[in-house]
């Protein structure tokens, strides 16, 4: 009757002297894993222009209907006039990255997608490009 | 002389309130580390300012009084639970005599008063503080609080008996109810050596008296919301909590005085440090028990109290008395 009680005390004492496993989140981060799919970004060409050719495949494949593209044409080359990705609708499935023929859109490992207002997660062309710059 | 008394009262009251505040932090930290967490980390270095933040928060919270509450007892019971608990500190000795390193001409006793029935006074006041909990639970007209109050009444009354029986061996050995006398009799050997069962009973009964896990049925969170203080908020709630933590200090001090030789110890540390060390070890043990054991069922609690604790207490007194006659 006494032994299990003492065993319990020993277990708690052992944990008392062991190192806590808490990560103090805003100060320290665990980070995301290699295959994590987070917020999207769009790559640029070496000359700084957008890599996206506005084929519309990502818009078509997106199961959550999160992507809206307005297609424009400049010197015989298609480009997106507006590229709107709704970060709240997006389910981060990664199909847009799979389907993109020019490897323009891709999912980064960015996992902190909490914003104060809804508008802040409406990712337009500039935001996506900027993140693309930052990551790669 | 009256000035000395006032200074002593103020110093001890301030010290007790400080320890009460930091005991909450100690408890949170120890519990956290036993669950491999860190506990409060943001208010100051390792959460050192957390008690102050908590206190400020409780001061500025809205004081909600429900319509159904019995106003008189609702207002009375927080005071009724904290005042007797703090009054116990009037007789608890914190050390022998001191001149504050030669600062004073005459040595000053390190307790507010020295009652010759000090132990009886402690139990009387401890018994009084039960009323705060029972009235508090009843006055809110809330079924959870009422259940908590009823449980508190049953539990505290049954364990009060075991609590008192557990220290009888010490009284027999010391032949005195004066706490300073009891400590001075332990100069050569602590009473825990002669009274191991008594100490164990004292520890268990005091945890039950403190309404803490594994005996926390009056405030069982998972079944009674918050038990007897379910409808209390703001400073009234804080007063219940201060009473609870002050009684932890009382129980630790009593355990130190009665069983662990008070301020006596090897001379490489000053007596007051020895005293505080023992008190904090007992506090740690009480928190440790909370981290380890689950709550008892109500029938188990009653069975344990009446069928194990009280008979053991009587056997302990009987054995002590026989040994004292024979030796």
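The values are calculated or read from the model by the stated rules, or taken from the named source; none is laboratory data. No experiment lies behind these values; they were computed from the predicted model shown. So basically every Cβ, Gly included, is an ideal-geometry build from the backbone, and we count neighbours across all protein chains shown.
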Could you grab the pairs with beta carbons closer than 6 Å, sequence gap of 6+ or different chains, first residue in region A:17-28 and more than 9 Å from every other protein chain (Cβ to nearest Cβ), second one surrounded by fewer than 10 Cβ atoms within 10 Å (Cβ to Cβ)?
A:23/A:30
Do the conditions hold for residue B:102, that is, is it at positive phi, assigned to a loop (DSSP other than H, G, I, E, B), within 14 Å of another protein chain (Cβ to nearest Cβ) and at pLDDT below 90?
no
Those residues of region B:8-25 which are touching a helix residue (DSSP H, G or I) at 6+ places or on another chain (Cβ under 9 Å) and crowded, with 18+ Cβ neighbours inside 10 Å amount to B:12, B:16, B:19, B:20, B:23, B:24, B:25
Check residue B:67 against each of (1) touching a helix residue (DSSP H, G or I) at 6+ places or on another chain (Cβ under 9 Å); (2) away from every other protein chain (no Cβ under 14 Å); (3) closer than 30 Å to residue B:145 by Cβ; (4) part of a loop (DSSP other than H, G, I, E, B) and name the one condition it does not meet.
(1)
How many residues are farther than 16 Å from residue B:284 by Cβ and within 14 Å of chain A (Cβ to nearest Cβ) if we restrict to region B:1-52?
10
What helices (runs of 4 or more DSSP H) completely inside region B:134-247 contain at least 2 residues that are within 30 Å of residue B:323 (Cβ to Cβ)?
B:143-166, B:168-174, B:179-185, B:191-194, B:196-209
Let me confirm something: among A:14, A:27, which residue is more than 24 Å from residue A:101 (Cβ to Cβ) and either in contact with a helix residue (DSSP H, G or I) (Cβ under 7 Å, 6 or more places away or on another chain) or at pLDDT below 85 (or both)?
A:27
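Listed here are the residues, each with its yes/no results for (1) away from chain A (no Cβ under 14 Å); (2) in a helix (DSSP H, G or I); (3) touching a strand residue (DSSP E or B) at 6+ places or on another chain (Cβ under 7 Å).
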site	(1), (2), (3)
B:256	yes, yes, no
B:260	yes, no, no
B:263	yes, no, no
B:268	yes, no, no
B:275	yes, yes, no
B:280	yes, yes, no
B:286	no, yes, no
B:289	no, yes, no
Subset of region A:69-91 [more than 16 Å from residue A:127 (Cβ to Cβ) and buried (at least 17 other Cβ atoms within 10 Å of the Cβ)]
A:79
Do any helices (runs of 4 or more DSSP H) lying entirely in region A:1-119 carry at least 3 residues that are under 30 Å from residue B:42 (Cα atoms), and which ones are they?
A:2-17
Here the qualifying pairs (Cβ atoms under 6 Å; residues six or more apart or on different chains; first in region B:292-307 and within 14 Å of chain A (Cβ to nearest Cβ); second in a helix (DSSP H, G or I)) come out as B:292/A:8; B:292/A:9; B:292/A:12
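Only one of B:94, B:135, B:168 is modelled with pLDDT under 85, out of contact with any strand residue (DSSP E or B) (no Cβ under 9 Å at 6 or more places or on another chain) and buried (at least 16 other Cβ atoms within 10 Å of the Cβ); which?
Just one listed residue meets the conditions, B:94.
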